[in-house]
Structure formats: C-alpha cells, structure tokens
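Report on the structure given below.
The values are calculated or read from the model by the stated rules, or taken from the named source; none is laboratory data. Keep in mind that what you see is a predicted model, and the values were worked out from it rather than measured. Because the Cβ atoms are built from the backbone with ideal geometry, glycine has one as well, and the counts that use them run over all protein chains shown. SASA here: full protein model, heavy atoms, side chains in, ligands and nucleic acids out. Shrake-Rupley method; radii C 1.70, N 1.55, O 1.52, S 1.80 Å.
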Amino acid sequence: MKKYYISILNKKANWFIRFSLIVLCCTGVLSAQESQKYLEYKGTVISKTSENPLPFVNLLIEGTNIATVTNSEGNFSLKVEEAMPNAKVTLTYPGYEKLIIILKDLDQNKSVISLRPQAYELDEINISRPKNALTLVEQVFSNIENNYSDQENFMTAFYRETINKRNRSASLAEAVVTIQKTPYTNAGNDLIALYKARKSTNYDRLDTVAIKLQGGPLNALYADLVKYQKYFITRETLSNYDFSFGEPLVNDGNIVYVVNFKQKGSILEPLYYGKLYIDSKTSALTNALYNLNVENRKAASDLFVKKKPNQVKVYPTEISYRVDYRNKDGKWYYSYSNVQLEFVVNWKRKLFNSKYRINSEMLITDWETELQGKEGINRRSKFKENTVLADEVSGFADPEFWGAYNVIEPEKSIQQAIEKIQKQIKKE
C-alpha cells in the first residue's frame with residue numbers, strides 16, 4: 001500500500017499537516033508546442049435522456065494522441081492547432097454510444113453535447129460472461145503483456161491539486177508535467193519532471209491548520225494500478241478479497257464487465273473496495289473506482305499520520321481513487337487518475353472538529369514513443385517525492401501561462417477560491 005504520510009508539527013501557535021514534491025524543469029519534450037498557434041474549444045457534455053452533466057468523458061482528436069476529459073460538472077476545454085478544422089473529435093463514456101463530431105462544428109465559446117445511452121441485450125451478456133469474477137480478474141493480470149503498452153512512452157500531462165477546509169480553499173496548484181513511462185512489462189518506476197506550474201495559496205489566513213500535499217503528480221500516477229500493483233492488489237493478495245459481478249456496461253460498442261470487490265471479513269488491516277471495469281474481448285482493465293477501507297480509524301490513521309501532538313487526533317474519513325485507460329491500436333495506456341483524501345482534525349477541549357479535503361488529478365494530453373534526439377528525464381530533473389509543489393512554484397501572475405496546453409476545465413468552486421485568495425493577498 002502506498003503511504004501518503006502526514007506530519008503535524010508545532011510552529012509557534014500554528015499547526016501544520018504536511019504531505020510534499022519537487023519542482024524541476026524538463027523542457028525537451030514540450031517546447032515544440034509553444035511555437036504553434038492553437039484554438040480553444042469549450043463546452044459541456046450531458047446525457048441525452050436525463051440532461052445531467054457527464055463527468056470524466058474522454059475527448060480524443062482522431063489520428064492523434066491529443067485528448068482531454070470533462071470535469072465533475074461535465075465541462076471540457078480542448079486546445080488544437082488552427083490547421084485542424086476538419087479533425088474529428090471522438091467522445092466516449094461507459095454505457096453511452098460513441099459520438100464523433102467535426103471540430104469546426106464545435107462552438108468555441110460553449111458547446112453543449114449530448115450522449116445517448118447505449119442499449120444492450122442483457123441475456124446475450126449473461127451467456128458470454130465468465131461464471132467466476134475472480135477468474136476474470138486473474139485474466140487481467142495474465143494478459144497485461146498483450147493488452148498494455150510494451151514500449152517506453154513520453155507523455156505530456158496536466159496536473160492539479162486542491163486543498164480545502166470544508167468549502168474554503170487553502171491551496172491550489174497546477175502543472176504541466178512530462179512523464180517518461182516505462183513499459184508495463186518493466187518493473188521500473190516511471191519518471192516525472194515539471195515543465196510549468198502555478199499556484200495560489202493562503203494557509204495562514206484561512207486557518208491555524210495548513211495541509212500540504214507531498215508527492216503531487218506522483219500520487220496521481222501511482223493510482224495506475226495495472227503498473228503499480230504493489231500499492232493495490234497483486235496476484236498474491238487476490239485471496240484477501242471477495243469478487244462479484246455487477247451490471248455490465250457498453251463502451252464504444254464493446255461489452256464491459258463490472259466486477260465489485262471488497263476485502264474479506266476476516267482481514268482486519270485496511271484494504272480496498274470498489275469496482276473494476278474489464279473489456280469483455282481482451283480482459284483488459286479499462287477503468288477502476290476504488291476506496292481504502294477507513295472503518296478502523298486507528299489503523300487507517302497509522303497509514304498516513306507520521307507525527308502529531310498528543311492533544312490532536314487525525315484520521316481519514318475517505319480515501320478514494322479513480323483511474324482510466326485509453327485504447328489506441330490495440331494497446332491500453334494510462335489516461336487519467338484522481339485521488340481524493342478527506343481527513344478530520346479533532347482537538348481536545350475543542351467543541352467542533354475540522355474537515356479537510358485534498359484532491360489530486362492528472363490527465364494525459366499527448367504522448368510520443370520517441371524523443372527524436374531530445375534528452376529524457378534524468379536523476380537531476382526527475383520529480384522527487386519529498387517536496388511540496390505549492391511551496392516551490394510562483395503564483396497566477398501570467399495570464400498566458402498555459403499557452404497551447406490542454407487542461408481540465410476548472411470547477412466553479414475552484415475559480416471562486418482563486419479569486420477569493422487573490423483578493424486576500426492584495427489586501428495584505
């Protein structure tokens with residue numbers, strides 16, 4: 001299990017909960033994008049039947065690796081070259097029909113795109129579905145070499161982390177990063193380097209408790225449970241879980257089996273529960289939603305809290321993960337991940353406790369298999385696990401900061417938080 005340690009340290013009257021991350025530059029992979037002109041298209045994706053927004057819808061420019069994803073409110077932002085008006089944008093979402101739109105037909109300001117739920121014959125699915133859910137999960141492990149990329153990839157990603165006390169934002173940090181991703185058949189860790197970053201933080205003004213995230217984009221990357229099985233479930237630990245089938249889905253015309261899993265009742269240590277989405281044809285894991293079991297507060301707290309004063313209790317109330325994979329030319333690639341950490345800080349002789357929520361997400365927006373003579377990420381430029389992104393980068397000063405890079409459309413609450421923090425900084 002990957003541990004995101006927290007330390008609570010005494011600094012005069014203030015107490016600091018710390019998580020961390022390094023800020024070093026690797027410009028070789030990304031510099032070519034800035035010399036081109038790009039157009040930005042924004043919009044919202046909704047369900048045609050319910051008209052509810054659809055979160056985490058994948059948008060991909062066909063024939064390229066350029067992609068983005070909708071946020072939790074269904075909003076998206078996609079930046080492409082001006083010379084691509086006839087490019088096709090593919091939208092996919094589990095349980096819905098695939099939709100293809102010509103780029104020039106999108107409204108640059110605010111398109112509303114409807115996806116239609118996909119019907120399927122349940123009897124046909126039940127006949128073809130394996131009888132045993134555990135057997136299907138075992139096939140996922142057995143077929144990794146065939147289903148996932150077997151070569152090194154150099155990826156461009158957008159990363160965001162937010163830290164809130166209830167609805168008040170204490171820290172916002174965003175970055176464009178490069179990832180040197182090793183083959184899924186290789187046990188070596190992936191490397192990350194920072195290309196651009198910005199932040200808005202105001203720990204002291206919002207509370208006497210400030211939370212800082214250690215590891216930043218590495219935390220999001222480790223949610224790739226196919227690559228980092230050691231932090232999740234391995235073949236050797238499958239016996240710790242009970243597996244069962246849920247209702248199947250259809251994604252891009254393919255049946256996707258849904259496998260529910262939870263730790264066995266006899267296992268006392270905090271393990272995981274959630275859903276695995278598995279392609280029926282290849283037994284490839286396409287998506288996963290999972291949580292850490294935090295019912296045992298002391299055991300769950302011990303996994304995260306490294307140091308604290310005696311008069312305070314800190315325990316997690318929610319640790320949740322999401323990971324999505326994208327298919328291209330018969331191989332699956334890490335595409336998007338989200339990690340949410342919610343903690344309660346409870347002081348002795350204090351009537352009310354405080355709840356803090358940390359969100360870390362990363363989206364792969366482009367990738368290539370060769371650097372074409374450029375240098376990769378080395379020991380000096382690689383992103384390390386023991387620094388804090390929000391402590392190392394500059395603020396939101398440059399209005400043209402992101403240039404041509406695809407980003408996850410900000411939530412309304414994030415935008416409001418930025419404005420609020422900036423106003424407070426100006427008052428200072």
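Holding the Cα-Cα limit at 19 Å, pick out from 42/196; 98/181; 37/104 the pairs that are longer than that. In this structure, 42/196; 98/181 exceed 19 Å between Cα atoms.
FRET efficiency for the pair residue 50 and residue 82, taken as 1/(1 + (r/R0)^6) with r the Cβ-Cβ distance and R0 = 41 Å, rounds to 0.70.
Legend: calculated FRET efficiency, residue 328 to residue 298, from the Cβ-Cβ distance at R0 = 41 Å, rounded to 0.05, equals 0.35.
Per residue, the accessible area of region 225-377 comes to 46 Å² when a 1.4 Å probe rolls over the protein heavy atoms.
Compactness of region 229-383 was expressed as the Cα radius of gyration divided by 2.2 N^0.38 Å, which yields 1.32.
The residues of region 46-124 expose, per residue, 50 Å² of accessible area to a 1.4 Å probe.
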